[in-house]
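Reading through the structure tokens given below for one structure.
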Amino acid sequence: MAIQLTPRRFTAAEYTQMIEAGVFGQDERLELIDGEIVEMSPIGDRHAACVRRLNELLGQLCVGRGIVDVQNPIVVGAEYAPQPDVALLRPRADYYASQTPTAVDCMLVIEVADSSAEFERQIKMPRYARGGVAELWLVDLERDVVVVYQNPTCDSYQRVQVFHSGETIALGAAEGTYVQVQSILS
């Protein structure tokens, strides 16, 4: 007879409390996905460089219009609290000191994938859509493209566009702002 174990699932609120209580080490890269705490893939050099470029680029383009948040948790659903590579948050005087940003607070979420693009597409993208993240970018370093997802519905996005090097992306979160794909992928 096989013994069946039932894993203990956590809510985003419980997960946040554990982070604040210091349950996890500062260097641990974790996310809450469907109530389970999972380890994130290690970050390679090209991935890290891309995140740094995005941080600098969005910081320059969105001065006073948003807060650029790098690799910090956001709450997207009751059991989903990812740590996207970059999030462009709505401005707030306290810089979210009093609460973890939610999907409503995110004008843009960016995930960078060097070897995890399929995971980002199959696991994370539907959860971001379900949580109401208005605009999601997947920077796929293996294919050298940026996939832009807009207009969330149930588990997907109504508008999906693939941008290549040499093309320009209109940043939906900041009207009149454009990003050269090459400046992200270089």
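The values are calculated or read from the model by the stated rules, or taken from the named source; none is laboratory data. Predicted, not measured: the structure shown is a model, and the values here were computed from it. Please note: Cβ atoms are built from the backbone with ideal geometry, for glycine as well, and neighbour counts cover all protein chains shown. Only protein heavy atoms, including side chains, enter the accessible area calculation; ligands, DNA and RNA are left aside. Shrake-Rupley method; radii C 1.70, N 1.55, O 1.52, S 1.80 Å.
Filtered by the rule that a residue be at pLDDT 95 or above, over 19 Å from A173 (Cα atoms) and open to solvent by less than 40 Å² (accessible area, probe 1.4 Å), segment 48-74 gives A48, A49, C50. Any chance segment 80-96 includes a residue that's over 14 Å from the mean Cα position of the chain (by Cα), open to solvent by 10 Å² or more (accessible area, probe 1.4 Å), modelled with pLDDT of 95 or more and among the hydroxyl-bearing types (S, T, Y)? Yes, segment 80-96 contains a residue that is over 14 Å from the mean Cα position of the chain (by Cα), open to solvent by 10 Å² or more (accessible area, probe 1.4 Å), modelled with pLDDT of 95 or more and among the hydroxyl-bearing types (S, T, Y). If you check I110, I123 for being of a type in the set (A, V, I, L, M, F, W, C) and modelled with pLDDT of 95 or more, only one passes: I110. Out of Y128, Y95, Y149, one residue alone is hydroxyl-bearing (S, T, Y), touching a Pro at 6+ places or on another chain (Cβ under 8 Å) and farther than 15 Å from L58 by Cα. It is Y128. Of all the criteria given as (1) surrounded by 14 or more Cβ atoms within 10 Å (Cβ to Cβ); (2) within 17 Å of V109 (Cβ to Cβ), the one not satisfied by E167 is (2).
Look at segment 19-39 and say how many of its residues are surrounded by fewer than 15 Cβ atoms within 10 Å (Cβ to Cβ) and either at pLDDT 95 or above or of a type outside the set (K, R) (or both). Qualifying residue count for the region: 13. Number of residues in segment 131-161 that are without any contact (Cβ under 8 Å) to a residue 24 or more places away in the chain and open to solvent by 70 Å² or more (accessible area, probe 1.4 Å) equals 4.
Kindly evaluate Q182 against the criterion of being open to solvent by 60 Å² or more (accessible area, probe 1.4 Å) and modelled with pLDDT under 95. Yes.
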